Amino acid sequence: AFASALLRMWRAWRSILHVVIVNAVLQAVLVLPGLRPYLTIGFALTSVVSFVLLAVSFGLVAMAMLQAAQGPVRPRDVFLGFRARAVPIVLWALVLVLVITLGFALYVVPGFIVMAITPYLLLAVADGRRDPVRTNFRTIGARWGRWLATLVACAVVLLLLWLAMALDGFFIGGPGGVLIAWVGLGIVASWFVCAWALIYR
């Protein structure tokens, strides 16, 4: 699934490129004021806007990849599908981020465990499942071998991406570095979501 997803994801290129580029530009704009990560109103508002942009972007990509896993992708269907599920996607994304953050606050390992055992959660939400948590774990149980193989592949790619982003931040930095980082992250994330969507379907 991981290798075929790299090709299958481009069925939705008209959707994902627009989403990735718009998100990257807006995320870069958010760093222009140069706010520091302190407990200030400005930083809090910027963080909320950044999260909403990311959740919306993920929702649109998830809708596109669920379609790409089955056949042709129509941008209009992606938008309409997301509009129908926008609120649940954003709310579930918020819950998931809070749980992951709590995991990392306790120790690094719990945070990674939560991420590893919930790859299908938001896909199930985007797919309109009534119990996305149960759907997530049922999918893992039914296809645990592909889940584990894809998890390892994602971890390797994420390590390489982390190194690339570190170089980007060191040599470029600022809004330009943020723009490049978000474009790269968006494309890689689309690849990952497509891989999980292929297994989910």
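The values are calculated or read from the model by the stated rules, or taken from the named source; none is laboratory data. All of these numbers come straight from a predicted model, not from anything done at the bench. Here Cβ is always computed from backbone atoms with ideal geometry, including for glycine, and neighbour counts include all displayed protein chains.
A few comments on the model shown:
Let's see how each residue does on (1) small (Gly, Ala, Ser); (2) at pLDDT below 95:
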site: 68; (1), (2): yes, yes
site: 71; (1), (2): yes, yes
site: 104; (1), (2): no, yes
site: 108; (1), (2): no, yes
site: 124; (1), (2): yes, no
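- Residue, nearest to the chain's Cα centre (by Cα), within the stretch 98-111, restricted to residues that are loosely packed, with under 14 Cβ neighbours inside 10 Å and not hydroxyl-bearing (Ser, Thr, Tyr): 98
- Test result for residue 127, more than 16 Å from the chain's Cα centre (by Cα) and acidic (Asp, Glu): no
- Condition check for residue 28: touching a helix residue (DSSP H, G or I) at 6+ places or on another chain (Cβ under 9 Å), assigned to a helix (DSSP H, G or I), of a type in the set (A, V, I, L, M, F, W, C) and modelled with pLDDT under 85: no
- When the helices (runs of 4 or more DSSP H) confined to the stretch 112-201 are screened for residues that are loosely packed, with under 15 Cβ neighbours inside 10 Å and among the charged types (D, E, K, R), those reaching at least 2 such residues are found at 132-142.
- Counted residues, the stretch 71-82 - those being surrounded by fewer than 22 Cβ atoms within 10 Å (Cβ to Cβ) and in contact with a Lys or Arg (Cβ under 6 Å, 6 or more places away or on another chain): 1
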